[in-house]
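Working notes, structure below.
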Amino acid sequence: MTVHGSLGAVRLVVLSCVYGCFPVEAGAGPMHGPRCAVPDPLAVRGGVLMVPLVADRPGSDWPRTLVLIADDGRRLPGIVSWVHPQTGDAAAGWTSDPRGLAVRRIEPSDDTNVESGSRPFLLTPLPIDCRGTLRLGRQRIEPRWLDAVDRAVPDGPVLELSDSLNRPDPVSPLEYWRWVQLAGRLDTAPPPAELYGEVGSLVARHYSDLWRIGLLRLGRADPDALHRCLNLLLRICYDGPQAFAAWVVDPGEIGSLLQVLVDLDRSDGELVEAVEQWAGRQGPLVLRVVPRDPFAVAVAVANRSRLVIEASFQWLGSSEVAATMSLAPGVLHRVEVPRSARWNRPGGVDLARARARGHGDVQVLLVEAAGKVTQMTFPTGPLQAEPPGVGFELRPPLTLAEVQSGRRSGGAGRRTTFLQLRRRHSRWEIFLECRRPGRLPRAADLAGLRDAAEMRGREAITLLLGATPASVVLAVPETGDYRLFRGSDDGTLEIHRQSYADRWYCRIVVPQRWLPTEAEYLLIGATRTHDDSDLMETGPFASLPWRPDPGRAVIDLRSWTDITPDGNSSAP
């Protein structure tokens, strides 16, 4: 496959800091001989040149600035920046950039011999009349020059750079271009790029200029193609009154589109054809959401197009369609799909088969809409309670990137929560490990709360037993009195807590009256809240950020086998 010159250059700039395109050579000590990794980068007159750097000898002690020399002898000073994975305890928001990158000035300790997902870049503001070649030391650079487009913004309101479900990532300068395009659609001024700081503002300007130029060219070639493209880049949908972003966020897809838009070797016809092919790959937004009925599966589909589309839901291996739905544009549609015949409701479980099957057996649901098929996997049956215990990890709310990719990017970090159901001394108990940053929280006062929905801002675990609405709702803070919001204690409830520097443990001995009868399953969910933020994790399901519902794990207690003192096993 032939790669156009501009295509190769843009690929390095757009994707290198994500996938690590530059080899890391063995060695130690200071670097020597910095040079541009791309000899023919795209350069916008009056904009910012952003080009990755390599060295003849990789290492540390990179210069903080480098100077490019223009053909006319002008010196163009640039900042050597360090693009690196973000660190810290901040939770990802709905529209967070999935690359998770931050940018700052390079420091002496930054070492290109160390594989860390970080890379140096040169950021150089360019004069509006710059042209010809540039030199970095002895290296000759042949930019592919682009004329700047009109950056004038309308008078009046300025779009606020805020964290919202229907706004782009406010933290990443790599997503600033989307703020600029969204402001244009809303007929407002974009937030000032300077809000990203000295280095971040240069990165923001670099990408926003490329997107402006590429989209303007597309609009001149085919206005309808531009409208379809912007619809996918800026799409907002509604779940009832709640507006949320539903745009394409996958870095690979976004990077490939930008490569097409700024590829100077494509004709207008080739440009439009490539953009239409790109748009055709983007289907509706399909989400796995919390089911109301624990014995069904729930799927939500957001129609990102401008037309009504039909969706069908079918279990893999079945000849029958389980459900169909007509999807109006711009709306999140929810459907609960009945389990196939392989799912056993209470009273119909073959325990021998369940044990042999284990937890790896899954059912696959095919969701077809707008010619695109999405596969979603679901467990075939209840969790089997077997020694030493059964449980799950609580997870932060879903992000748009996780929904689109179908992959979870990470857990709650230093705030991870693990729940385990186990049987000890003839009693069922729930054991929780709740990690947190190293600070003992203040005692929580739950007496004035109306219900468990008000638990945010308190270091606590909230347990829910039974189907929705839960028959038992128990909130236990790390310090302070617990609160039984729903259900009753027959005098056998036990709660034991122990705090340490970076975590606390909670053991809840469950009253017999909270447990299911012989022909039923235990339904259990949990929510974790924190006293130093509004963060929340849920389990067994990760919830939508605007619908914090943990759902329920379906657990079969009859599969447990106690080990008796004489070494024999017996059912509980």
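The values are calculated or read from the model by the stated rules, or taken from the named source; none is laboratory data. Bear in mind the structure is a predicted one, so any value in this text is a computation, not a measurement. Cβ: placed from backbone, ideal geometry, glycine included. Neighbour counts: every protein chain shown.
Every residue in segment 494-529 that is surrounded by fewer than 18 Cβ atoms within 10 Å (Cβ to Cβ) and in contact with a helix residue (DSSP H, G or I) (Cβ under 8 Å, 6 or more places away or on another chain), please.
ASP502, LEU515, PRO516, GLU518
Go over the candidates VAL286, VAL262, VAL301, VAL308 one by one and state the one that is farther than 25 Å from GLY406 by Cα and among the β-branched types (Val, Ile, Thr). If you could, list the steps in order and put the result at the bottom.
On the way: VAL286 fails: farther than 25 Å from GLY406 by Cα; VAL301 fails: farther than 25 Å from GLY406 by Cα; VAL308 fails: farther than 25 Å from GLY406 by Cα.
Result: VAL262 is the single residue among VAL286, VAL262, VAL301, VAL308 that is farther than 25 Å from GLY406 by Cα and among the β-branched types (Val, Ile, Thr).
Could you tell me which residue of segment 112-157 is nearest to ALA189 (Cα to Cα), considering only residues that are of a type in the set (A, V, I, L, M, F, W, C) and exposed (fewer than 12 other Cβ atoms within 10 Å of the Cβ)?
ALA152
Taking ARG528 as the residue in question, decide whether it is under 25 Å from ASP293 (Cα atoms) and either modelled with pLDDT of 95 or more or more than 37 Å from the chain's Cα centre (by Cα) (or both).
Yes.
Out of LEU218, LEU210, LEU264, which single residue is more than 15 Å from ARG306 (Cα to Cα), touching a residue at least 24 places away in the same chain (Cβ under 8 Å) and in a loop (DSSP other than H, G, I, E, B)?
On inspection, the qualifying residue turns out to be LEU264.
Within segment 57-66, work out how many residues are assigned to a strand (DSSP E or B), touching a residue at least 40 places away in the same chain (Cβ under 8 Å) and surrounded by fewer than 18 Cβ atoms within 10 Å (Cβ to Cβ). Before you say what the answer is, go through the steps one by one.
Initially, segment 57-66 is screened for residues assigned to a strand (DSSP E or B), giving 57, 60, 65-66.
If we keep only those that are touching a residue at least 40 places away in the same chain (Cβ under 8 Å) too, we end up with 60, 66.
Now drop any that are not surrounded by fewer than 18 Cβ atoms within 10 Å (Cβ to Cβ), which leaves 60.
Summing the residues that are assigned to a strand (DSSP E or B), touching a residue at least 40 places away in the same chain (Cβ under 8 Å) and surrounded by fewer than 18 Cβ atoms within 10 Å (Cβ to Cβ) in segment 57-66 gives 1.
Give the residue, chosen from GLU198, GLU160, that is in a helix (DSSP H, G or I) and surrounded by fewer than 13 Cβ atoms within 10 Å (Cβ to Cβ).
After applying the criteria, what remains is GLU198.
Restricting attention to segment 429-445, and to residues there that are under 30 Å from the mean Cα position of the chain (by Cα) and surrounded by fewer than 20 Cβ atoms within 10 Å (Cβ to Cβ), which single residue is nearest to ARG486 (Cα to Cα)? Walk me through it before giving the result.
Step one: of segment 429-445, the residues under 30 Å from the mean Cα position of the chain (by Cα) are 430-441.
Those still in the list that are surrounded by fewer than 20 Cβ atoms within 10 Å (Cβ to Cβ) too: 431, 433, 435, 437-441.
Numbers: PHE431: 20, GLU433: 23, ARG435: 26, PRO437: 30, GLY438: 32, ARG439: 30, LEU440: 28, PRO441: 25 Å.
Applying the filter and picking the extreme gives PHE431.
What single numbered condition from (1) buried (at least 17 other Cβ atoms within 10 Å of the Cβ); (2) outside any loop (DSSP other than H, G, I, E, B) fails to hold for LEU165?
(2)
Report, by residue number, each residue of segment 497-520 that is among the aliphatic types (A, V, I, L, M), more than 16 Å from ARG435 (Cβ to Cβ) and part of a loop (DSSP other than H, G, I, E, B).
Initially, segment 497-520 is screened for residues among the aliphatic types (A, V, I, L, M), giving 501, 508-510, 515, 519.
If we keep only those that are more than 16 Å from ARG435 (Cβ to Cβ) as well, we get 508-510, 515, 519.
If the condition is that a residue be among the aliphatic types (A, V, I, L, M), more than 16 Å from ARG435 (Cβ to Cβ) and part of a loop (DSSP other than H, G, I, E, B), then VAL510, LEU515, ALA519 are the ones that fit.
Consider SER426 against the criteria (1) of a type in the set (Ser, Thr, Tyr); (2) surrounded by 15 or more Cβ atoms within 10 Å (Cβ to Cβ); (3) farther than 30 Å from GLY283 by Cβ: it satisfies all of them except one. Which criterion is unmet?
SER426 satisfies all of (1) of a type in the set (Ser, Thr, Tyr); (2) surrounded by 15 or more Cβ atoms within 10 Å (Cβ to Cβ); (3) farther than 30 Å from GLY283 by Cβ except (2).
If I ask for residues that are under 24 Å from TRP428 (Cβ atoms) and in a loop (DSSP other than H, G, I, E, B), which ones from segment 521-548 would you list?
Pass one, segment 521-548, residues under 24 Å from TRP428 (Cβ atoms): 521-528, 537-541.
The answer is TYR521, PRO540, PHE541.
Within the set of pairs 6 or more residues apart or between chains, which connect a residue that is loosely packed, with under 14 Cβ neighbours inside 10 Å inside segment 267-287 to a residue that is outside any loop (DSSP other than H, G, I, E, B) and at pLDDT 95 or above with Cβ atoms less than 7 Å apart?
Pairs that qualify, where the first residue is loosely packed, with under 14 Cβ neighbours inside 10 Å and the partner is outside any loop (DSSP other than H, G, I, E, B) and at pLDDT 95 or above, are ASP268/ALA221.
Taking segment 133-157 as the search range and keeping residues that are of a type outside the set (Ser, Thr, Tyr), modelled with pLDDT of 95 or more and in a loop (DSSP other than H, G, I, E, B), which one is farthest from the chain's Cα centre (by Cα)?
By that ranking, first place goes to GLU142.
Any residue at all in segment 19-28 that is at pLDDT 60 or above and either surrounded by fewer than 18 Cβ atoms within 10 Å (Cβ to Cβ) or in the same structural domain as CYS130 (by TED's automatic domain parsing) (or both)?
Scanning segment 19-28, I find at least one residue that is at pLDDT 60 or above and either surrounded by fewer than 18 Cβ atoms within 10 Å (Cβ to Cβ) or in the same structural domain as CYS130 (by TED's automatic domain parsing) (or both), so the answer is yes.
Results for (1) part of a strand (DSSP E or B); (2) in the same structural domain as LEU400 (by TED's automatic domain parsing); (3) out of contact with any strand residue (DSSP E or B) (no Cβ under 6 Å at 6 or more places or on another chain); (4) of a type in the set (S, T, N, Q), shown as yes or no for each residue.
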position: PRO291; (1), (2), (3), (4): no, no, no, no
position: VAL297; (1), (2), (3), (4): yes, no, no, no
position: VAL301; (1), (2), (3), (4): yes, no, no, no
position: ALA311; (1), (2), (3), (4): yes, no, no, no
position: SER318; (1), (2), (3), (4): no, no, yes, yes
position: MET325; (1), (2), (3), (4): yes, no, no, no
position: PRO329; (1), (2), (3), (4): no, no, yes, no
position: LEU332; (1), (2), (3), (4): yes, no, no, no
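Is there any pair with a first residue in segment 446-462 that is surrounded by 15 or more Cβ atoms within 10 Å (Cβ to Cβ) and a second that is of a type in the set (Asp, Glu) and in a loop (DSSP other than H, G, I, E, B) whose Cβ atoms are under 6 Å apart and which are 6 or more apart or on different chains, and what are they?
So the pair list comes out as ARG456/ASP534; ARG458/ASP531; GLU459/GLU478; GLU459/ASP531.
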